[in-house]
Amino acid sequence: GAGVSQSPSNKVTEKGKDVELRCDPISGHTALYWYRQSLGQGLEFLIYFQGNSAPDKSGLPSDRFSAERTGGSVSTLTIQRTQQEDSAVYLCASSSRLGEAFFGQGTRLTVV
Amino acid sequence: GEDVEQSLFLSVREGDSSVINCTYTDSSSTYLYWYKQEPGAGLQLLTYIFSNMDMKQDQRLTVLLNKKDKHLSLRIADTQTGDSAIYFCAESRGSSNTGKLIFGQGTTLQVKP
């Protein structure tokens with residue numbers, strides 16, 4: 001597709017379970033970003049990738065959060081032992097060297 | 001400080017101009033962005049400006065950049081009810097074209113008919 005694609009669009013999980021969120025960036029985009037947006041809040045930076053490496057993972061809230069990117073393309077954000085405070089919309093964006101950064105529609109995660 | 005700052009709320013009448021302001025922190029930021037988020041939707045890239053520019057105009061949108069004061073503004077001419085949304089400014093930190101994007105808290109624009 002032409003845009004950033006995220007899956008699933010919605011995820012409801014039980015507290016304590018692990019979840020994986022997937023992001024397919026725009027083809028050829030070298031940078032990939034993960035953000036979290038809680039209800040009515042701004043965007044909280046989590047991690048960004050340049051190629052397959054992550055120059056900045058400072059925003060990951062705890063060691064329950066991890067992310068990887070393979071082949072300079074798809075990225076997976078994994079949350080282990082989910083907690084209710086993890087409930088949010090998780091947004092992925094990608095950008096090219098030209099600087100335009102485009103977002104996917106997000107994954108709405110609800111931990112019950 | 002470390003934060004990108006925006007005022008939280010702006011209300012205008014339909015047909016008026018809206019000006020949304022933002023202050024950023026990193027003088028080496030290469031790109032500065034404006035995004036629009038409608039209720040229940042994702043972030044739509046509205047426009048962006050390269051740091052060596054002072055102004056960029058795109059139809060009803062005008063972006064002004066004051067690097068000395070690290071101040072960015074978005075002017076929407078002839079504001080319409082469809083412009084009601086949350087507007088986020090963001091800076092791309094660092095000298096790379098693909099640096100870390102840091103967002104403000106968003107300005108809610110309310111357009112009254």
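The values are calculated or read from the model by the stated rules, or taken from the named source; none is laboratory data. As the structure is a prediction and not an experimental result, all values here were calculated from the model. Cβ atoms come from the backbone with ideal geometry, glycine included; neighbour counts cover every protein chain shown. Accessible surface is based on the protein model in full, side chains and every heavy atom, while ligands, DNA and RNA are left aside. Shrake-Rupley method; radii C 1.70, N 1.55, O 1.52, S 1.80 Å.
In the range A:21-46, the residues that are more than 13 Å from A:Ser96 (Cβ to Cβ) and facing chain B (nearest Cβ under 9 Å) reach residues that are part of a loop (DSSP other than H, G, I, E, B) and open to solvent by less than 20 Å² (accessible area, probe 1.4 Å) with C-beta atoms within less than 6 angstrom, at least six apart or across chains, in these pairs: A:Gly42/B:Gly106; A:Phe45/A:Gly59. Within the set B:Val19, B:Val111, the sole residue that is open to solvent by 40 Å² or more (accessible area, probe 1.4 Å), in contact with a Ser or Thr (Cβ under 8 Å, 6 or more places away or on another chain) and modelled with pLDDT of 90 or more turns out to be B:Val19. Taken together, B:Tyr48, B:Tyr31, B:Tyr35, B:Tyr24 contain a single residue that is open to solvent by less than 30 Å² (accessible area, probe 1.4 Å) and within 18 Å of B:Ala77 (Cα to Cα), which is B:Tyr35. Residues that are within 10 Å of B:Ser29 (Cβ to Cβ) and surrounded by fewer than 22 Cβ atoms within 10 Å (Cβ to Cβ) within the range B:66-95 comprise B:Lys67, B:Lys70, B:Arg93, B:Gly94, B:Ser95, listed in sequence order. Would you confirm, using the coordinates I've provided, whether A:Phe102 is within 9 Å of chain B (Cβ to nearest Cβ) and within 25 Å of B:Gln37 (Cβ to Cβ)? So A:Phe102 fits the description; yes.
On inspection, A:Ala93 fails the criterion of being at pLDDT below 95 and open to solvent by 30 Å² or more (accessible area, probe 1.4 Å). Restricting the search to strands (runs of 3 or more DSSP E) fully inside the range A:22-108 and requiring at least 3 residues that are among the β-branched types (Val, Ile, Thr) gives A:75-79. If I filter the range B:92-102 for residues that are within 13 Å of chain A (Cβ to nearest Cβ), under 15 Å from the mean Cα position of the chain (by Cα) and farther than 21 Å from A:Gly40 by Cα, do I get at least one hit? Looking for residues that are within 13 Å of chain A (Cβ to nearest Cβ), under 15 Å from the mean Cα position of the chain (by Cα) and farther than 21 Å from A:Gly40 by Cα, one finds at least one in the range B:92-102, hence yes.
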